[in-house]
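The values are calculated or read from the model by the stated rules, or taken from the named source; none is laboratory data. The shown structure was predicted, so the numbers you read here are calculated from the model rather than taken from an experiment. Note that each Cβ is placed from the backbone with ideal geometry, even for glycine, and that neighbours are counted across all protein chains shown. With ligands, DNA and RNA removed, areas are computed over all heavy atoms of the protein, side chains included. Shrake-Rupley method; radii C 1.70, N 1.55, O 1.52, S 1.80 Å.
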Amino acid sequence: MTKIKSLADLKKMKQELQSQVSLREKSDTPEGRVMVRVGMGTSGIASGAKQIMEFLIDEMDKRNVDAIVSQTGDMGYSYAEPTVEVTLPGQEPIVFGDVDQKKADDIIEKYIKNGELLDGIIPANYETIDKNKS
Amino acid sequence: MKDISLHILDIAQNSVSAQAKNIVIDIHEDSGKDKLSILIQDDGRGMAPEIVQRVTDPFYTTRTTRKVGMGLSLFKQNAQQTGGDLTVESEPGKGTIIKTHFVLSHLDRPPLGDMPGVMMILVGGTTGIEWYYKHRVDDKEYVFDTREVKEALDGMEISEPSVMKYLKDMIRENLQELRV
């Protein structure tokens, strides 16, 4: 891969990046995309949430999954960190707990690609992180 | 926390939660003064003086999901254990400044860690926030400013996984340059 160091390089790389991205079947509305949020509170970070998020970003890119990966504050599930919330288009969000690299891989391959449910879902009257917080 | 970059990720997350629009992260490794300084400044909602006083107390948190808040307490403890300290300045409606310093050569000082990865996560995961990250090693400096990055991207999303990976590489290359 070419090294990029300056914003000028980034501009040059932009076209290449854009063509990669447009190869995917991409929906224009954010609602049509898979939303993945990694719990990045203190307990999440201490349990390895950063590595899980980097893994998800890398793999979504490599496997051409049209997803937005972002981080969010503490979900309040410190006993089950790292936690990952996945919202498939048109579905209720689901939170996976105790996510390691293997489980993150399963989340992409089984849940996101095929809609198969996995172990380790945090049940409950869970709405979304924002509603759950104060 | 294994390293300082994870503390920065954690503390900057507070700024995000405080609805900041602009966040500054300024790291200065000064071997002359044997000091590693870290400043995190935001224009979020800020805190009242009585909260500022208690914010590094591990049994105080503004959160309602549980009753402890370890982030700032852990960072402060880590700094103090290596001859440094952490201070909090904040004003409601204006924002918050967290200043931390470590003795650079102290044996127990945690390593700085993976700042490129941390910046990628912060920047890519918070599209509505502008980040200004300055990293100085003695008299050399590198500045990463999302305003400039977004201009260079010209409409392409900064949250696109492939863009995020590129930005991480870009920051890493530039930080390495500071140590040459």
Q. Could you say which residue among B:Thr64, B:Thr56, B:Thr127 is under 30 Å from B:Glu173 (Cα atoms), assigned to a loop (DSSP other than H, G, I, E, B), more than 15 Å from the chain's Cα centre (by Cα) and at pLDDT below 95?
A. B:Thr127
Q) What about B:Gly113, is it surrounded by fewer than 22 Cβ atoms within 10 Å (Cβ to Cβ), not in a helix (DSSP H, G or I) and not β-branched (Val, Ile, Thr)? A) yes
**Q.** Residue among A:Lys50, A:Lys14, A:Lys62 that is modelled with pLDDT of 80 or more, of a type in the set (D, E, K, R) and closer than 20 Å to B:Lys150 by Cα
**A.** A:Lys14
Q) Would you say B:Thr96 is away from chain A (no Cβ under 14 Å), hydroxyl-bearing (Ser, Thr, Tyr), more than 25 Å from B:Lys33 (Cα to Cα) and in contact with a strand residue (DSSP E or B) (Cβ under 9 Å, 6 or more places away or on another chain)? A) yes
Q: Filter the stretch B:84-98 down to residues that are of a type in the set (A, V, I, L, M, F, W, C) and touching a helix residue (DSSP H, G or I) at 6+ places or on another chain (Cβ under 8 Å) and give me whichever is most open to solvent (accessible area, probe 1.4 Å).
A: B:Val88
**Q.** Conditions (1) closer than 20 Å to B:Asn22 by Cα; (2) surrounded by fewer than 18 Cβ atoms within 10 Å (Cβ to Cβ); number of the one not met by B:Tyr133
**A.** (2)
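Look at B:Met156 and say whether it is within 11 Å of chain A (Cβ to nearest Cβ), farther than 16 Å from B:Asn22 by Cα and buried (at least 20 other Cβ atoms within 10 Å of the Cβ).
It is false that B:Met156 is within 11 Å of chain A (Cβ to nearest Cβ), farther than 16 Å from B:Asn22 by Cα and buried (at least 20 other Cβ atoms within 10 Å of the Cβ).
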**Q.** Residue within the stretch A:99-115 that is modelled with pLDDT under 90 and under 23 Å from B:Val118 (Cα atoms) present
**A.** no
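To keep it simple, each residue is scored yes or no on (1) surrounded by fewer than 23 Cβ atoms within 10 Å (Cβ to Cβ); (2) within 14 Å of chain A (Cβ to nearest Cβ).
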| site | (1), (2) |
| --- | --- |
| B:Met1 | yes, yes |
| B:Ile4 | no, yes |
| B:Ile8 | no, yes |
| B:Gln13 | no, yes |
| B:Ala20 | no, yes |
| B:Leu36 | no, no |
| B:Asp43 | yes, no |
| B:Arg54 | yes, no |
Q) Can you find a residue in the stretch B:136-148 that is over 24 Å from A:Ile57 (Cβ atoms), assigned to a loop (DSSP other than H, G, I, E, B) and acidic (Asp, Glu)? A) yes
Q) Taking the stretch B:166-180 as the region of interest, how many residues are more than 16 Å from A:Leu7 (Cβ to Cβ) and open to solvent by 20 Å² or more (accessible area, probe 1.4 Å)? A) 3
Q) Would you pick out the residues in the stretch B:106-124 that are at pLDDT below 95 and of a type in the set (Gly, Ala, Ser)? A) B:Gly124
Q: Report whether or not B:Phe59 is of a type in the set (Phe, Trp, Tyr) and either crowded, with 18+ Cβ neighbours inside 10 Å or within 26 Å of B:Leu178 (Cβ to Cβ) (or both).
A: no
Q: Can you give me the number of residues within the stretch A:57-71 that are in contact (Cβ under 8 Å) with a residue 40 or more places away in the chain and facing another protein chain (nearest Cβ under 8 Å)?
A: 2
Q) For the stretch A:73-122, what are the residues that are open to solvent by 40 Å² or more (accessible area, probe 1.4 Å) and within 14 Å of another protein chain (Cβ to nearest Cβ)? A) A:Ser78, A:Tyr79
Q) For B:Asp145, all conditions in the list (1) in contact (Cβ under 8 Å) with a residue 40 or more places away in the chain; (2) within 19 Å of B:Asp42 (Cα to Cα); (3) within 11 Å of chain A (Cβ to nearest Cβ) hold save one; what is the number of the exception? A) (1)
Q | Pairs with Cβ under 7 Å, 6+ apart, first in the stretch B:89-115 and under 29 Å from B:Arg45 (Cβ atoms), second aliphatic (A, V, I, L, M) and part of a loop (DSSP other than H, G, I, E, B) | A | B:Ser90/B:Met47; B:Pro92/B:Met47; B:Pro92/B:Ala48; B:Gly95/B:Ala20; B:Thr96/B:Ala18; B:Thr96/B:Met47
